[in-house]
Structure formats: structure tokens, C-alpha cells
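Visitor: This structure is in C-alpha cells; I'll ask about it shortly.
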Amino acid sequence: MTPFRPAPDPDLPDDAEQTLVSGGRRSDAEQLVDRLRELGWTVGVAESLTGGLVIASLVAVAGASAVVRGGIVAYATDLKQTLLGVDPVLLEAHGPVHERVARQMARGVRTAVGDPGQPADIGIATTGIAGPDSPDGQPVGTVHIAVSTSLGSRVESLHLEGDREEIRAAAALRAISLALEAL
């Protein structure tokens with residue numbers, strides 16, 4: 001097997017030494033996985049509008065298996081209740097896109113993906129409306145992100161601009177950043 005050698009740079013003289021430099025800042029997902037590993041903590045993710053983008057970002061990081069317990073994409077409202085323990089009265093009164101729903105999803109996923117008797121240390125949840133239409137009259141771009149730990153929960157409510165994919169991607173990035181801030 002031949003070792004990797006970079007292609008020569010045509011702008012440098014033939015005898016110039018070439019150095020490969022790693023490319024810059026680590027992503028928030030990388031930083032979150034590293035921080036969880038340092039703490040010895042585990043994470044679970046409950047997603048609705050992001051449809052798996054948050055968990056995919058985390059498991060794309062090398063070594064994520066040491067901290068990621070799992071994720072649940074609860075896109076349908078009834079799954080938020082049955083899989084994540086969201087209060088059915090809350091869902092009936094306010095629908096699935098609500099800050100309290102996000103908070104309960106984040107708490108619920110900790111239990112859902114934890115070891116028996118030991119919840120995951122941190123839960124991340126996303127719910128919202130990515131468009132193009134809104135089924136319940138809330139503006140497209142309405143997003144609620146929650147992070148839950150044994151110390152408490154935090155919810156951030158946003159109005160994101162853009163098309164469906166831009167809203168989903170921005171929500172996933174913000175969810176990871178919010179979790180990183182919580183640590």
C-alpha cells in the first residue's frame with residue numbers, strides 16, 4: 001500500500017516543503033460529543049420537524065457511540081404521547097408545536113433511551129413548523145427546542161426564516177448549540 005502523498009502545489013517551487021493543516025474550528029456536534037465524553041454523560045434526542053437531522057449530526061462524529069444512546073423521530077402527534085410521555089391534555093389543548101411539548105419531549109426521551117432505572121443524562125427535543133404550509137395556523141418557521149438534564153430544562157422558542165430545508169437545518173444546528181450551552 002502506498003502512503004498518502006498530497007499532490008504537488010503548482011504555485012510552490014519543487015523543493016518547497018508542503019504541510020497539510022487541519023481545517024479550522026470544530027463543529028458544535030463535535031464539541032458536544034467531546035464534552036459529553038469528558039463528563040461521562042449520555043444523550044438522547046427526540047425530533048419532530050428536524051426528522052432525524054440532530055441525531056444524524058451527532059452520530060456523524062467519530063466516537064459518538066460512547067455518548068449517544070439513541071433518538072426518536074416522533075413526527076406524528078400520538079407518538080409524542082406514547083413514546084415520549086407528552087401529556088395528552090397538553091397536546092389536545094395546544095397541539096404538538098408548543099414550548100411545553102418540547103420540554104416534555106426532552107424529558108421523555110431521556111427515559112425512553114436510558115438504561116432501565118437510569119435515564120440519559122441529557123435530552124434534546126425539536127418541534128415546530130417547517131412549511132410550506134401550517135396545519136394549525138402558527139407561522140411557518142415557528143420552532144421550539146428544549147434541552148433537559150437532571151438539573152432542569154431549558155426551552156428556546158424561535159421564528160426561523162427560509163424554505164422548509166433551511167428551517168429544518170437551522171433548527172437542528174440550534175438544538176446542538178443549545179445543548180452545548182447547557183453543559
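The values are calculated or read from the model by the stated rules, or taken from the named source; none is laboratory data. From a predicted model like this one, the values you see are computed outputs, not experimental measurements. We place every Cβ from the backbone using ideal geometry, glycine too, and count neighbours over all the protein chains shown. Note: areas computed on protein heavy atoms with side chains; ligands, DNA, RNA excluded. Shrake-Rupley method; radii C 1.70, N 1.55, O 1.52, S 1.80 Å.
Visitor: Could you report the stretch 71-126's accessible area per residue, 1.4 Å probe, as an integer in Å²?
Guide: Result: 47 Å² of accessible area for each residue.
Visitor: State the answer as a single residue: which of P139, S27, T127 lies farthest towards the positive end of the charge dipole of the chain, with beta carbon charges of +1 for Lys and Arg and -1 for Asp and Glu, about the Cα centre.
Guide: T127
Visitor: If the chain between D133 and E156 were fully stretched, how many nm would it gain, using 0.36 nm times the residue separation less the Cα-Cα distance?
Guide: Residue separation times 0.36 nm, minus the Cα-Cα distance, leaves 6.1 nm.
Visitor: Just tell me, in residue order, which DSSP H segments of the chain are both 20 angstrom or longer along the helix axis (alpha-carbon based) and at least -1.0 in mean Kyte-Doolittle hydropathy.
Guide: Qualifying helices: 99-113, 164-182.
Visitor: With the crude spin-label approximation of a point 7 Å out along Cα→Cβ, what separation in nm comes out for D115 versus A56?
Guide: It is 3.1 nm.
Visitor: Could you tell me how many cubic angstrom of Cα convex hull volume the chain has per residue?
Guide: 168
Visitor: Note down the magnitude of the dipole of the stretch 48-124 about its Cα centre, charges +1 on Lys and Arg C-beta and -1 on Asp and Glu C-beta and zero elsewhere, to the nearest 20 debye.
Guide: Charge dipole of the stretch 48-124: 120 debye, to the nearest 20.
Visitor: Ignoring any ligand, DNA or RNA, what whole percent of the accessible area of the chain comes from carbon and sulfur when the probe is 1.4 angstrom?
Guide: Result for the chain: 53 percent of the exposed heavy-atom area is carbon or sulfur.
Visitor: Counting DSSP beta bridges in the stretch 41-183, what percent are antiparallel, to the nearest 5?
Guide: Antiparallel bridges make up about 60 percent of those DSSP assigns within the stretch 41-183.
Visitor: With +1 on the Cβ of every Lys and Arg and -1 on the Cβ of every Asp and Glu, and nothing else charged, how large is the dipole of the chain about its Cα centre, in debye rounded to the nearest 20?
Guide: Charge dipole, the chain, about its Cα centre: 800 debye, nearest 20.
Visitor: Further question on the same structure: In the stretch 56-126, if the dipole is taken from +1 on Lys/Arg beta carbons and -1 on Asp/Glu beta carbons about the Cα centre, which of T77, V61, Q104 is farthest to the positive end?
Guide: Farthest towards the positive end: V61.
Visitor: Could you work out how much longer the chain between E38 and T82 gets when fully extended? Use 0.36 nm per residue separation minus the Cα distance between them, nm to one decimal.
Guide: Computed gain between E38 and T82 is 12.6 nm.
Visitor: Within the stretch 88-127, name every residue whose backbone N is under 19 Å away from a label modeled 7 Å from Cα of Q31 along the Cβ vector.
Guide: From the stretch 88-127, the list is 122-125.
Visitor: Okay, moving on. Alpha carbons only, please: Rg and Dmax for the stretch 46-105, in angstrom.
Guide: 12.9, 42
Visitor: Let me ask something else. Report the calculated FRET efficiency for A66 and E99 (r = Cβ-Cβ distance, R0 = 30 Å), to the nearest 0.05.
Guide: The pair A66/E99 has a calculated efficiency of 0.45.
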